[in-house]
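Worksheet for the structure shown next.
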Amino acid sequence: MSKPSIYGYTFDQLAAWLEDRGYSKYWASRVWQQLYRERAADFAAMADVPETCTALLADQLLIGSMDVHVQQESRDGTVKFLFRLADGHLIETVLMRHKFGLTVCVTTQVGCNIGCSFCASGLLAKKRDLASGEIVEQIMQVQRYLDEAGRGERVTHTVVMGIGEPFDNFDHLIAFLRIVMDPKGLAIGPRHITVSTSGLAEKIRAFADLNLRVNLALSLHAPNNELRTRIMKINRAIPIEELMEAIDDFIARTNQRVTIEYILLKDVNDGVEQALELAELLRGREGSVHVNLIPYNPVDEHSQYQRSEESTVRAFFDTMKKRGFSCSVRLEHGTDIDAACGQLRSKQLREEGEPSLAQ
Ligand code: SF4
């Protein structure tokens with residue numbers, strides 16, 4: 001059996017692990033700092049940590065376990081990474097440059113069982129959940145890429161919006177959040193992190209219970225059950241009414257605003273009629289939600305969906321604004337590379353002969 005990754009340990013867990021082996025919390029702080037501040041890639045290179053301690057760590061743990069398999073760089077600075085995990089599976093991670101900082105979009109599962117009809121990732125059933133260490137390592141790999149560029153740049157934001165439903169891998173997600181938020185390490189503040197869910201209502205409530213102050217985004221994508229079920233089969237199990245109750249509960253208990261994600265699919269859900277219906281659905285929550293419109297990125301796998309005209313996007317946006325909602329249109333990143341979520345991974349898997357992607 002392969003050794004566990006040290007990236008999967010929260011600070012308290014690492015401190016307890018070392019204490020059990022005779023090293024005080026002070027040494028856990030040193031190791032943690034070497035790992036996240038100095039980005040040590042090798043236990044032996046950890047300065048100021050006793051050799052007996054680094055030898056013990058090297059004997060029982062790994063520093064990461066994934067390799068960069070493909071790397072695509074866009075003209076706008078977006079970088080897409082395809083990582084090969086220790087068991088051979090491929091996952092995607094994206095670095096995006098915003099005015100406010102550098103954001104990494106992480107993946108939480110190998111494949112996804114939610115099956116949204118517009119998503120390249122949803123074509124491939126979930127193979128397994130990622131361990132917390134594998135989610136943390138995506139950020140560390142990107143941070144090392146930035147370190148090597150030598151411009152002193154730091155990952156400042158994280159969105160959990162890559163492949164997978166994060167709330168379907170809840171415990172590993174929470175451990176990941178605690179590790180990257182730790183002020184002694186990567187110190188990514190909760191307000192700089194957004195977790196996006198397709199709407200697992202029970203888990204939204206459990207997330208509110210933890211009160212981590214991390215932002216929540218709901219992938220709604222349709223204003224009524226008939227349309228939402230058509231494009232997101234999860235809606236059959238958890239209809240909009242149930243979702244809205246969970247969102248209201250989250251807002252009431254955390255006093256945080258929730259982002260409503262709405263992907264615009266040409267002639268499917270992008271009309272003014274649907275915008276009015278969405279405004280009606282969200283009525284009374286004008287101050288507590290933000291609506292983020294996402295122009296669809298066409299992928300070969302879903303030729304039934306097209307991108308909305310710019311004028312249609314504008315009309316949808318104007319309708320939401322006129323109804324008193326805070327609203328934005330998501331800026332595009334990496335349009336000259338395989339920009340859509342899951343696109344690079346499915347392209348690679350097709351090349352490798354994955355049967356479910358045969359054309
Ligand atoms: S959009 Fe997200 S939840 Fe839906 S199938 Fe794709 S990865 Fe899964």
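Structure data summary
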item	result
Single residue of region 86-134 satisfying the filter (surrounded by fewer than 16 Cβ atoms within 10 Å (Cβ to Cβ), not charged (D, E, K, R) and not in a loop (DSSP other than H, G, I, E, B)) that is nearest to the ligand (Cβ to nearest atom)	HIS98
Filtered residues of region 65-83 (kept if of a type in the set (D, E, K, R) and crowded, with 20+ Cβ neighbours inside 10 Å)	LYS80
Residue match in region 183-194 (condition: in a helix (DSSP H, G or I), among the charged types (D, E, K, R) and surrounded by fewer than 19 Cβ atoms within 10 Å (Cβ to Cβ))	yes
Single match in GLY162, GLY133, GLY189, GLY185 (criterion: modelled with pLDDT under 95 and more than 30 Å from LEU278 (Cα to Cα))	GLY185
Test: GLY22 is of a type outside the set (Val, Ile, Thr) and buried (at least 17 other Cβ atoms within 10 Å of the Cβ)	no
Residue in region 257-275 that is nearest to the chain's Cα centre (by Cα), counting only those that are surrounded by fewer than 19 Cβ atoms within 10 Å (Cβ to Cβ) and over 14 Å from VAL291 (Cα atoms)	LYS266
Residue check for THR319: among the hydroxyl-bearing types (Ser, Thr, Tyr) and within 16 Å of the ligand (Cβ to nearest atom)	no
Residue, surrounded by the most Cβ atoms within 10 Å (Cβ to Cβ), within region 135-180, restricted to residues that are of a type in the set (S, T, N, Q) and either assigned to a strand (DSSP E or B) or within 14 Å of the ligand (Cβ to nearest atom) (or both)	THR158
Odd one out for GLU352 among (1) over 22 Å from the mean Cα position of the chain (by Cα); (2) at pLDDT 80 or above	(2)
Residues of region 219-236 satisfying the condition of being crowded, with 20+ Cβ neighbours inside 10 Å and more than 18 Å from ILE163 (Cβ to Cβ)	LEU220, ALA222, PRO223, ARG228, ASN235
Residues of region 40-56 satisfying the condition of being surrounded by 15 or more Cβ atoms within 10 Å (Cβ to Cβ) and under 29 Å from the mean Cα position of the chain (by Cα)	ALA40, PHE43
Residue in region 227-248 that is modelled with pLDDT of 95 or more, part of a loop (DSSP other than H, G, I, E, B) and at positive phi present	no
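The values are calculated or read from the model by the stated rules, or taken from the named source; none is laboratory data. None of the values given here were measured: they were computed from a predicted structure. Neighbour counts are summed over all protein chains in view; Cβ atoms, including those assigned to glycine, are modelled from backbone coordinates with ideal geometry.
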